[in-house]
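Heads up, the thing below is written out as structure tokens.
The values are calculated or read from the model by the stated rules, or taken from the named source; none is laboratory data. Given the structure is predicted, the values throughout are model-derived calculations rather than measurements. Glycine gets a Cβ as well: all are built from the backbone with ideal geometry, and neighbour counts include every protein chain shown.
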Amino acid sequence: MSSTVRCQAALLVLLICTAAAAPAARAEPASLPSEARIPGGIALIELPSRRIARRATFQDRPVLAVGRTAVVAIPLNTAPGDYALKSGKREYRFSVSEHVYPESRITLQGEKREMVDVPEERLVRIRSDHRAIRGAYATRDENVPLLRLNLPAEGPWSSRYGLKRFFNGKQRSPHTGLDIAAPTGTPVYAAAAGEVVASDDYYFNGHTVIVHHGGGLVTLYCHLSERLVEAGATVEAGQLIGRVGSSGRASGAHLHWSVSLSNVRVDPELFVDPEVRAAQSAD
């Protein structure tokens, strides 16, 4: 083979390899959530190296690193101001802006009224539920998950993240999920592949499924009428895991969907395709 032919062959191989690699590089931003540096939001901070990103912490919590990007989950109770992302002895400053969430007033009637004024005999169960749910949310490994999630159910978004909630006129914890209104029995699907880390019936949440997707990304699906997977099961993206209901502290049939990253409950909308979000806002 002549040197000219060898050069042409090498060039062809190089072009093929470059063409194959290019789409992956372009696709990387689509694997990240949308950024919103507000309480309950996400900060995307580009760091000098992958090693620095992997060692990063925020408020003493490990931060998920995607390449050189630190994906920082901002707790809902964070005050506006300047904060530091830490990696070893280095600090990387960023700001959290003020954001005022609206109020939501919900009326529970009949037997569900006791979920506002809880009988003392229910407190032991409630504490046990909280421990189980906290443990599921704390699940973490070193895998890097896909951070663009599928919607778990069809239906209008009836209550958004961050609402200041009042049940029967009494203020309770803020709303840390996205509610999707749908009739009882509507299919509920896994937002991404992962492992079921909890599947149980809780006092406030009702029938609930919790899935860990890797890297401390956890999704919760609650108020179900039916759970179709058990703890320990592996699920694929789009797999049927339950059906919409009104179990627990719910005034009507809907799916409550929460997203937790680094054990921080953040706005699920940031993990949904922006075009899907825009369509919901238009409706």
Could you grab me the full set of residues in segment 260-282 that are among the hydroxyl-bearing types (S, T, Y) and in contact with a Phe, Trp or Tyr (Cβ under 6 Å, 6 or more places away or on another chain)?
S260
Selection from segment 186-218 of residues within 30 Å of P119 (Cα to Cα) and either in contact with a Ser or Thr (Cβ under 7 Å, 6 or more places away or on another chain) or part of a strand (DSSP E or B) (or both) yields V197, A198, S199, D200, D201, Y202, G206, H207, T208, V209, I210
Considering segment 93-128 alone, what residues qualify as being out of contact with any Asp or Glu (no Cβ under 8 Å at 6 or more places or on another chain), hydroxyl-bearing (S, T, Y) and modelled with pLDDT of 75 or more?
S97, Y101, S104, S128
Keeping to segment 248-257, report how many residues are touching an Asp or Glu at 6+ places or on another chain (Cβ under 7 Å) and under 19 Å from D117 (Cα atoms).
0
Search segment 34-61 for residues being touching a helix residue (DSSP H, G or I) at 6+ places or on another chain (Cβ under 9 Å) and part of a strand (DSSP E or B), and hand back the single one that is surrounded by the most Cβ atoms within 10 Å (Cβ to Cβ).
I42
Since K112 meets every condition but one in (1) exposed (fewer than 14 other Cβ atoms within 10 Å of the Cβ); (2) within 20 Å of A250 (Cα to Cα); (3) charged (D, E, K, R), which condition does it not meet?
(1)
Condition set assigned to a loop (DSSP other than H, G, I, E, B) and hydrophobic (A, V, I, L, M, F, W, C), scope segment 150-169, selection farthest from Q280 (Cα to Cα): answer is L163
Here is a list: A70, A79, A84. Which entry is touching a helix residue (DSSP H, G or I) at 6+ places or on another chain (Cβ under 7 Å) and more than 30 Å from A253 (Cα to Cα)?
A70
Tell me, yes or no, whether segment 253-265 has at least one residue that is within 14 Å of I180 (Cβ to Cβ), more than 9 Å from the chain's Cα centre (by Cα) and at pLDDT below 95.
no
